[in-house]
Amino acid sequence: MLKDKLKKYKLILASGSPRRQQFFKDLDLDFEIRLKDVEEIYPPELKAVEITNFLAQLKAAAFEGELNENEILITSDTIVWHQNKALGKPKNAEEAFKMIKSMSNATHEVITSVCFQTNTASTLLHDITKVTFKELSDEAILYYIENYKPYDKAGAYGIQEWFGFMAVTKVEGSYTNVMGLPTAKVYEYLTTLV
């Protein structure tokens, strides 16, 4: 399939996210992981998809001048966009509680941008999924934070965990996007390279 067609390329995934790494395995793609520490700071005037686009490109810029001719670097960033602000990864339980509580009985957007970088060009794509939570009790939110410690997740929740099964009443768009990668769009883009 696509793996064979991409033989002349070397895919490099610049993500420490176990979920993104698993997606690439599940898409049956050969890839290597290369990581760099990038301070994920963006200009305060950016909104929604502008933020994830900026951060995906910022992560790719860290590899400037290091890519060989046949290499495709893939970087990405995901945020939860709610009430006109970005919810990133919570720093502590109090922040996680506030984030989840604000999304209770409401719909928010999960936005992921993906940057494909070669030594000569850069392509950016993004996806937006709308997710609706039922009304959540403080008890359920505290139970989730205490038992699942969602500090590595944008918006302080994982849709693929207990919380997602219990709290999510509607998903409009890509489910995998909510987990951090719009896999169908990524796969589709890679097919255009062959």
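Readers should treat all values here as calculations from the given coordinates under stated rules, not as data from a laboratory. In this text the structure is predicted, and so the values were computed from the model without any measurement. Don't worry about glycine lacking a Cβ; one is built from the backbone with ideal geometry, like all the others, and counts go over all protein chains shown.
Numerical summary
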quantity: Assigned charges on the beta-carbon of Lys, Arg, Asp, Glu; segment 2-191 dipole about Cα centre (debye); calculated: 260
quantity: Sorted by Cβ neighbour density within 10 Å, fewest at the top, the residues GLU71, GLU94; calculated: GLU94, GLU71
quantity: Charge sum, other residues only, whose C-beta stays under 12 Å from VAL110's C-beta, Lys/Arg counted +1 and Asp/Glu -1; calculated: -2
quantity: Counting DSSP beta bridges with both ends in the chain, the antiparallel % (nearest 5); calculated: 80
quantity: Segment 157-187-segment 35-98 distance, computed between alpha-carbon centres (Å); calculated: 18
quantity: Within segment 36-114: Cβ-based charge dipole about Cα centre, in debye rounded to nearest 20 (Lys, Arg +1; Asp, Glu -1); calculated: 560
quantity: Convex hull of the chain built on C-alpha atoms - directionally averaged projected area, nm²; calculated: 10.9
quantity: Percent RCO, i.e. relative contact order, over the chain, from Cα pairs under 8 Å lying at least 6 residues apart; calculated: 22
quantity: Using alpha-carbon coordinates, inclination of helix 49-61 to the longest axis of the chain, degrees; calculated: 40
